[in-house]
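Please treat every number below as a calculation from the coordinates, not as lab data. None of the values given here were measured: they were computed from a predicted structure. Cβ: placed from backbone, ideal geometry, glycine included. Neighbour counts: every protein chain shown.
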Amino acid sequence: MPFEPKFSITAKTAQALMRIEGARQAIHHLPITASVLATLRESARLYSTHYSTMIEGNRLTQEEVSKVIEKQEHFPGRERDEKEVLGYYGAL
């Protein structure tokens with residue numbers, strides 16, 4: 001039994017799909033240098049650290065998480081949060 005879709009592709013839908021494909025091709029051909037890739041990975045690691053520890057009740061903001069990890073800054077009364085962030089980041 002052949003597949004028979006229950007929709008039709010309108011001209012508007014076809015145009016949208018072509019725009020999406022054009023954007024996909026443009027992105028696909030962008031050069032990603034080792035430096036750019038490293039920056040993207042580090043950003044993802046910082047965001048993952050912040051949001052994953054936040055779910056567990058960590059009170060540090062995204063900016064504070066970055067300062068703890070990148071600059072070894074301290075926030076009085078938040079030592080437990082700092083330790084948790086450093087541990088999670090290290091585990092990643």
Check: Rg and Dmax of the stretch 1-74, Cα atoms, in Å?
Finding: 21.5, 66
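Could you tell me the relative contact order of the chain? Use alpha-carbon pairs under 8 Å, at least six residues apart, and round to a whole percent. Let's see the in-between values first.
Numbers: 39 pairs, mean separation 21.5, N = 92.
The normalised contact order for the chain reaches 23 percent.
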Next item on the list: Describe numerically, in nm with one decimal, the distance between label points set 7 Å from Cα along Cα→Cβ at K6 and at R80.
Entry: 5.3 nm
Next item on the list: May I ask you to order 28-36, 80-88 by the average number of other C-beta atoms within 10 Å around their residues, highest value first?
Entry: 80-88, 28-36
Checklist line | Per-residue Cβ neighbour rank within 10 angstrom, fewest leading, E4, E21 | finding: E4, E21
Checklist line | Cβ-placed point charges (K, R +1; D, E -1), dipole of the stretch 1-69 about Cα centre in debye, nearest 20 | finding: 180 debye
Check: What is the mean projected area of the alpha carbon convex hull for the stretch 33-91, to one decimal in square nanometres?
Finding: 3.9 nm²
